[in-house]
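Please read the structure below before turning to the comments.
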Amino acid sequence: MSTEIKTKRQTIRDFRLRKGGVPIVMLTAYTAPMARMLDPHVDVLLVGDSLGMVLYGMDTTIGVTLDMMIAHGQAVMRGSSQACVIIDLPFGTYQESPQQAFRSSARVMAETGAAGVKLEGGVEMAETIAFLTQRGVPVLAHIGLKPQSVNALGGFRAQGRGADEAEQIRADARAITEAGAFGVVIEGTMEPLARAISAEIAIPTIGIGASPSCDGQVLVTEDILGLFGTFTPKFVKRYAQLSEQVADAAAAYAAEVRDRSFPGPEHCFGVARSES
């Protein structure tokens, strides 16, 4: 009899039930190997459009395509077995109309097997979120600092500083909740406001540069590992500095190739080893 332990992938229902409970752990993943390493430790893997900047060297997420998101979503699904996988809808694939959003979402879910999609926007996207959820597409909303709107926002800056801006974000939170989103990412938002929203709405909130009072937290994995950029955003904690180890390993490899100490006989086929 097999003794292999089967793990059950977490679901959107599991996510909803975490409101007010043990915080939800979410990290980004873009590849099968990274997903495999993160899978035992997280509740949700987010295939974020941040891959445009982290993997492709783009200045913003605007240039990311739906095909890119699907390809990386497939990789993350292959590399994971227990985490709930959510995939970002990239810029220009859902803003035009609810119908466009459904076509994009249907492709993502059919071609990857992911549990749901994430899209940015509040009041202005409520109709679209309702359209999707009524047709069986689970939606994770994203309010506060919205990277896809960085040009309109005038850059990456904390949101909700003034009373009018704070009230707009609160209105966004209420609108996406009423529209049927199963949760919401609150990014780059003043802590008291994020805390208040988490207490006010019935769906789980996931903070990134928001508040420890949110129902969970998300960060870009490469940020916490020290694998992306030299600048550390205020809301990021580096748990490792792997870029230094990668550089050291590459330097050691290069030196051994150049002085011909690698490969040695033990790395070659058909070479008899000398016995000591």
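Has the stretch 142-149 got at least one residue that is in contact with a helix residue (DSSP H, G or I) (Cβ under 9 Å, 6 or more places away or on another chain), among the aliphatic types (A, V, I, L, M) and part of a helix (DSSP H, G or I)? Within the stretch 142-149 (the criterion being in contact with a helix residue (DSSP H, G or I) (Cβ under 9 Å, 6 or more places away or on another chain), among the aliphatic types (A, V, I, L, M) and part of a helix (DSSP H, G or I)), the answer is no, since none of the residues qualifies. Looking only at the stretch 33-51, residues that are open to solvent by less than 40 Å² (accessible area, probe 1.4 Å) and in contact (Cβ under 8 Å) with a residue 24 or more places away in the chain come to 13 in all. Looking across Gln82, Gln100, one residue alone is among the polar types (S, T, N, Q), under 22 Å from Phe15 (Cβ atoms) and open to solvent by 10 Å² or more (accessible area, probe 1.4 Å). It is Gln82. Checking Ala166, Ala202, Ala141 one by one, the residue that is open to solvent by 30 Å² or more (accessible area, probe 1.4 Å) and either touching a Leu at 6+ places or on another chain (Cβ under 6 Å) or under 20 Å from Thr11 (Cα atoms) (or both) is Ala202 and no other. Taking the condition small (Gly, Ala, Ser), open to solvent by 30 Å² or more (accessible area, probe 1.4 Å) and either at pLDDT 95 or above or more than 24 Å from Ser211 (Cβ to Cβ) (or both), does Ala106 pass? Judged against the criteria, Ala106 is a match.
Selection over the stretch 85-97 of residues that are surrounded by fewer than 15 Cβ atoms within 10 Å (Cβ to Cβ) and charged (D, E, K, R) gives a count of 1. Among the candidates Ala250, Ala173, the residue that is exposed (fewer than 11 other Cβ atoms within 10 Å of the Cβ) and either in contact with a His (Cβ under 7 Å, 6 or more places away or on another chain) or of a type in the set (A, V, I, L, M, F, W, C) (or both) is uniquely Ala250. Taking the criterion of being surrounded by 18 or more Cβ atoms within 10 Å (Cβ to Cβ), of a type in the set (A, V, I, L, M, F, W, C) and touching a Gly at 6+ places or on another chain (Cβ under 9 Å), would at least one residue in the stretch 220-239 satisfy it? Taking every residue of the stretch 220-239 in turn, at least one turns out to be surrounded by 18 or more Cβ atoms within 10 Å (Cβ to Cβ), of a type in the set (A, V, I, L, M, F, W, C) and touching a Gly at 6+ places or on another chain (Cβ under 9 Å). Scanning the stretch 115-124 for residues that are open to solvent by less than 10 Å² (accessible area, probe 1.4 Å) and touching a helix residue (DSSP H, G or I) at 6+ places or on another chain (Cβ under 7 Å) returns Gly116, Val117, Leu119, Gly122.
The values are calculated or read from the model by the stated rules, or taken from the named source; none is laboratory data. Everything numeric here is computed off the predicted structure, so don't read it as measured data. In this analysis, Cβ positions are derived from the backbone assuming ideal geometry, glycine residues included, and neighbour counts consider all displayed protein chains. Remember, those area values only see protein heavy atoms, side chains included, never the ligands or the DNA or RNA. Shrake-Rupley method; radii C 1.70, N 1.55, O 1.52, S 1.80 Å.
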